[in-house]
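None of the figures in this text is laboratory data; all of them are computed from the coordinates on show. On a predicted model such as this, the values are computed, not experimentally measured, just so you know. Positions of Cβ are backbone-derived with ideal geometry, glycine not excepted, and every protein chain shown enters the neighbour counts.
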Amino acid sequence: MLRDIWYPLIKDFYPSANGNWDASMLQTMMAMGVFLDDQPMFDRAKNYFLAGEGNGAIGNYFKPSGQCQESGRDQAHTQMGLDFLANTCDDRVDSGRGPLRRAR
């Protein structure tokens, strides 16, 4: 069910929306990749997190000022987005793959 029903809905993320959409899909995809032991699915989430084109990628989610995209909206949406991104990282660490890092 995860692979056949949910994954097709999130596999291309939502790059034209605010970052929380992508961030929620990242968290879901990373967790599904771990649960299903699906390395390509896991890697797709990891690669998008680190260098994706959408607003949920870590390099696009934060403004130069340090604020999030949702900072001007309300604190609940800001905290929700940060939680999605933090849980994406936590899923990776819990899977035994170590922390997410950008190549320098």
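Scanning segment 28-50 for residues that are free of Cβ contacts under 8 Å to residues at least 24 places away in the same chain and among the charged types (D, E, K, R) yields Asp37, Asp43.
For Asn18, state whether it is under 12 Å from the mean Cα position of the chain (by Cα) and either of a type in the set (Lys, Arg) or surrounded by fewer than 21 Cβ atoms within 10 Å (Cβ to Cβ) (or both).
When the stated conditions are applied, Asn18 does not pass them.
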